[in-house]
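The values are calculated or read from the model by the stated rules, or taken from the named source; none is laboratory data. No experiment lies behind these values; they were computed from the predicted model shown. Cβ placement follows ideal geometry from the backbone for every residue including glycine, while neighbour counts extend to all protein chains displayed. Please note that ligands, DNA and RNA were not included when accessible areas were found on the heavy atoms of the full protein model with its side chains. Shrake-Rupley method; radii C 1.70, N 1.55, O 1.52, S 1.80 Å.
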Amino acid sequence: VQLQASGGGLVQTGGSLRFSCVASGRIFNVAGMGWFRQTPGNERELVATISRPGSTNYADSVKGRFTISRNNAADTVYLQMNSLEPEDTAVYYCAAEQWTTRKYEYWGQGTQVTVSS
């Protein structure tokens with residue numbers, strides 16, 4: 001499974017950004033999809049996940065500001081990020097959950113998000 005993400009960039013506090021991530025390859029191996037982020041010196045942390053039927057899960061820090069969605073027909077997951085804060089600055093990663101292990105084993109390339117104050 002390959003994941004190709006697009007979006008991200010530089011935005012001012014209060015602004016919005018949108019990510020998309022397209023999965024290709026052995027799609028039948030994919031269950032949930034999600035977004036994670038990482039800042040220097042810290043472990044990668046969950047931002048939001050969505051199951052194949054559409055159940056969502058968010059980190060407390062992004063609830064009410066970020067929305068994850070998914071188009072199964074297009075094998076694409078989206079992350080709409082609103083009311084961005086400097087604390088959201090990080091490298092964001094798209095990830096996919098392996099159907100059998102239920103672990104996030106497939107990762108896209110990281111994309112930098114910088115929120116200026």
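The lone criterion from (1) modelled with pLDDT of 95 or more; (2) more than 15 Å from the chain's Cα centre (by Cα); (3) not acidic (D, E) left unmet by A74 is number (1). Exactly one residue out of V77, V113, V62, V91 is touching a residue at least 60 places away in the same chain (Cβ under 8 Å) and at negative phi, and it is V113. When region 67-97 is filtered for residues that are of a type outside the set (D, E, K, R), crowded, with 21+ Cβ neighbours inside 10 Å and not in a loop (DSSP other than H, G, I, E, B), the ones remaining, listed by number, are I68, V77, L79, M81, A90, Y92, Y93, C94, A95, A96.
Whether a residue is open to solvent by 30 Å² or more (accessible area, probe 1.4 Å), under 12 Å from the mean Cα position of the chain (by Cα) and among the aromatic types (F, W, Y) was assessed, and Y106 does not pass this test. The single condition among (1) part of a loop (DSSP other than H, G, I, E, B); (2) within 20 Å of G8 (Cβ to Cβ); (3) of a type in the set (S, T, N, Q) that T100 does not meet is (2). When every residue of region 3-25 is checked against the conditions, none turns out to be touching a residue at least 12 places away in the same chain (Cβ under 8 Å), of a type in the set (D, E, K, R) and assigned to a loop (DSSP other than H, G, I, E, B). The set of residues in region 29-66 that are outside any loop (DSSP other than H, G, I, E, B), farther than 22 Å from N82 by Cβ and open to solvent by 20 Å² or more (accessible area, probe 1.4 Å) contains only N29. Screening region 66-97 for residues that are among the charged types (D, E, K, R) and touching a Phe, Trp or Tyr at 6+ places or on another chain (Cβ under 9 Å) and picking the one that is farthest from G9 (Cα to Cα) gives E97.
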